[in-house]
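K.L.:
Structure provided below as structure tokens; questions to follow.
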Amino acid sequence: MTLWSARTGDTSVDPAVAGFLRADDTELLPYDCAGTRIHAERLQLAGVLSDAELSEINARLEEIADAGASLLEPTDEDVHSAIERLLGPVGRKIHAGRSRNDQVVTAFRLYVEDAARQAAAATSQLASTLVDRADAEADTVMPGYTHLQRAQPVTMGHHLLAWCEMLLRDRARFELAAEHAARLPLGAGALAGSTLPLPTSDGQLPNSLDAVADRDFALDYLYAAACLFVHLSRMGEEIILWVTSEFGFARLPEHAATGSSMMPQKLNPDVAELTRAKAGAAIGRLTGLLATLKALPLAYNLDLQEDKPPVFAARKDVSQALAAFTVLVRGLEFDAEQLRAAAADPLMLATDAAEALVAGGVPFRDAHEQVAGSVRDGSFAAPGDAEQSAAARRAPGPGDVAAAVTAMRERLARGTTTS
Ligand code: ARG
């Protein structure tokens, strides 16, 4: 029995077709129960459902949401059909003034809002962990790099705060995605609304065609997830470099690393590697949904059923990667001696030497040439050491990490904004 069998009579859909068309949407079940509850309340206000019917529906929806996926049957075309079936006799009234087209996007918006808010909170959590590490490493000098060549001394605190900046922007993107998702398409029906006197409420989307066809909120979420993963992959790549014998800047915590099945000495940065790889899938999900939406005519098309699996997968990856990455950075052991030794390379103070000449009135280009000459002929003398050099370069440089840590903690506590 399908929801439209009165139209097709005895002809049943071929199993190969039904199997192909079936939605992969089990995760949506509790959100569809929540959306159905909002619709039921509107039906009661419109006089379509009695108070008693509304209470019965609400009680049943709660049971369905609690029992979850165990109630689904292989013959259910999607969770929407399943919920109508599971509501029993009272379910025969629930679909008045509604189509699965506005129903699915209502549930999906609730899902994305929830996923985005959770991602924002978990991103904040990772950033807080990093601020604590930055605080502890405020004065730990290390080489700063451009082109992966030693450039100028910075501090580990300054470096970790740079990671926090990325995460603060990610959090803002997730919060924006949540805000964009928090609108109600109910009342749009299949595409053109309904003749029933259904009330509207806050957050109502004003155009029924757009309400059933728009998936920008899902793109926003996937974009936020892709940016987060790109950032985690950049951090992960640095951790991978730092824990090599070649760099030796940090040691992996054993509870966030794996060994080798063959080589007894190995400790591998698997969390960072897997995060780096998952960035690829995160980017793919965004470009995949963009391609699905491209050139799609208004209003609803079944193409839109393909919007959910990438978002479900992104939610799982985002939450697992952030949790594992937080454990990794919390446990990373920095080797201050090794970092200091690498930062002690006197040539990294060549820019400081040129700037000292500029402070004495020498045009910068002349100062640059003079210092470059002394580097070339091996007579360069560093003006001071790495600690002094890092401390002398004030905000936005590494000079005052303690103040930058305090500012970052305030920004994290304030939420939503990036500045
Ligand atoms: N399962 C569909 C989806 O995920 C919702 C219902 C589709 N509507 C339809 N008329 N076939 O988008």
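The values are calculated or read from the model by the stated rules, or taken from the named source; none is laboratory data. From a predicted model like this one, the values you see are computed outputs, not experimental measurements. Cβ sites come from the backbone with ideal geometry, for glycine too, and all protein chains shown count toward neighbours. All accessible areas refer to the heavy atoms of the entire protein, side chains included, with ligands and DNA or RNA removed. Shrake-Rupley method; radii C 1.70, N 1.55, O 1.52, S 1.80 Å.
K.L.:
Express in nm, to one decimal, how much length is gained between SER70 and GLU337 on full extension, taking 0.36 nm for each residue of separation and deducting their alpha carbon distance. If you can, show how the numbers build up before the last one.
P.N.:
Numbers: separation 267, 0.36 × 267 = 96.12 nm, distance 5.65 nm.
Contour length minus Cα-Cα distance gives 90.5 nm.
K.L.:
Hey, for a label at HIS147 modelled as a point 7 Å past Cα toward Cβ, could you say which residues of segment 319-355 have their backbone N under 15 Å away?
P.N.:
The answer is 348, 351.
K.L.:
Using a Gaussian network model of the chain with C-alpha springs under 10 Å, which one of ASP345, ASP307, ASP78 is most mobile by mean-square fluctuation?
P.N.:
Residue with maximal mean-square fluctuation among ASP345, ASP307, ASP78: ASP345.
K.L.:
Would you kindly state how much longer the chain becomes between LEU296 and ASP24 on full extension, computed as 0.36 nm times their sequence separation minus their alpha carbon distance, in nm to one decimal? Walk me through the numbers before you get to the answer.
P.N.:
Values: separation 272, 0.36 × 272 = 97.92 nm, distance 2.08 nm.
Taking 0.36 nm per residue and subtracting the Cα distance, the gain is 95.8 nm.
K.L.:
State to the nearest 20 debye the size of the charge dipole of the chain about its Cα centre, where the only charges are +1 on K and R beta carbons and -1 on D and E beta carbons.
P.N.:
Computed about the Cα centre, the dipole is about 440 debye.
K.L.:
For the chain, what relative contact order do you get, as a whole percent, if you take Cα pairs closer than 8 Å and at least 6 residues apart?
P.N.:
It comes to 18 percent, rounded to a whole number.
K.L.:
May I ask you to give the solvent-accessible area per residue for segment 282-356, in square angstrom, as obtained with a 1.4 angstrom probe?
P.N.:
That works out to 45 Å² for each residue.
K.L.:
Right, next: Using a basic spin-label model with each label point 7 Å from the Cα along Cα→Cβ, how many nm lie between GLN388 and ALA6?
P.N.:
It is 8.9 nm.
K.L.:
Charges on Cβ only, +1 for Lys and Arg, -1 for Asp and Glu, centred on the Cα centroid of the chain; of LEU274, PRO398, PRO297, which one is farthest towards the dipole's positive end?
P.N.:
Among LEU274, PRO398, PRO297, the one farthest towards the positive end of the dipole of the chain is PRO297.
K.L.:
Pop out the carbon and sulfur fraction of the accessible area of the chain as a percent, whole number, probe 1.4 Å.
P.N.:
It is 55 percent, rounded to a whole number.
K.L.:
Then there's this: When the chain is treated as a GNM, springs tying every alpha-carbon pair under 10 Å, which of GLY97, GLY47, GLY189 comes out with the largest mean-square fluctuation?
P.N.:
Greatest mean-square fluctuation among the candidates belongs to GLY47.
K.L.:
I've got another one for you. Taking the mean number of other Cβ atoms within 10 Å as a proxy for protection, how do you rank 18-29, 372-383, 102-113, 150-161 from highest to lowest? Mind showing how you got there, number by number?
P.N.:
Values: 18-29: 16.2, 372-383: 11.7, 102-113: 25.4, 150-161: 23.6.
The packing order, highest mean first, is 102-113, 150-161, 18-29, 372-383.
K.L.:
What are the principal axis extents of the Cα atoms in the chain, in Å, biggest first?
P.N.:
That gives 93, 55, 39 Å along the principal axes, largest extent first.
K.L.:
Continuing with the same structure: Out of LEU54, SER81, THR200, whose Cα points farthest toward the positive end of the dipole of the chain (charges: +1 Lys, Arg; -1 Asp, Glu; placed on Cβ)?
P.N.:
Ranked along the dipole, the leading option is THR200.
K.L.:
So, R0 is 51 Å and r is the distance between the beta-carbons of GLU62 and MET263; what FRET efficiency does that work out to, to 0.05?
P.N.:
Once rounded, the FRET efficiency stands at 0.40.
K.L.:
Continuing with the same structure: Restricting to lysines 8 or more places apart or on different chains, can you count the pairs in the chain with Cα atoms under 26 Å from each other?
P.N.:
7
K.L.:
Okay, moving on. So for segment 332-380, what percent of the C-alpha to C-alpha distances run longer than 16 Å?
P.N.:
Counting every Cα pair in segment 332-380, those more than 16 Å apart make up 49 percent.
K.L.:
At 7 Å along Cα-to-Cβ for each site, give me the label-to-label distance between GLN125 and SER50 in nm.
P.N.:
Modelled inter-label distance: 4.7 nm.
K.L.:
Based on the alpha carbon coordinates of segment 132-184, what radius of gyration and maximum Cα-Cα distance (Dmax) apply, in Å?
P.N.:
16.5, 53
K.L.:
Another question about this same structure. Give me the dipole magnitude in Debye, nearest 20, for segment 18-163 about the Cα centre, with unit charges on the beta carbon: positive for Lys and Arg, negative for Asp and Glu.
P.N.:
On the way: 13 positive and 23 negative charges, 82 e Å.
The dipole of segment 18-163 has a size of about 400 debye.
K.L.:
Here's another thing I want to ask about it. Could you compute the net charge surrounding ASP14? Neighbours are other residues with a C-beta less than 15 Å from the C-beta of ASP14; K and R count +1, D and E count -1.
P.N.:
-1
K.L.:
Which value at 222 nm does the chain reach when only helices count, each DSSP H run of 4 or more adding -39,500 (n - 2.57), with the total divided by all residues and rounded to the nearest 500 deg cm²/dmol? Provide the component values of the computation, followed by the final result.
P.N.:
Working: 16 runs with 249 residues, N = 419.
Helix-only estimate at 222 nm: -19500 deg cm²/dmol.
K.L.:
Given ILE239, ALA224, ALA382, which one lies farthest toward the positive end of the charge dipole of the chain, if we put +1 on the Cβ of every Lys and Arg and -1 on the Cβ of every Asp and Glu?
P.N.:
ALA224
K.L.:
Taking segment 285-419 as the region of interest, what is the percent of Cα-Cα pairs per 10 angstrom bin, listed from the shortest bin to the one with the maximum distance?
P.N.:
Histogram of Cα-Cα distances, whole percents per bin: 9, 19, 20, 18, 16, 12, 5, 0.
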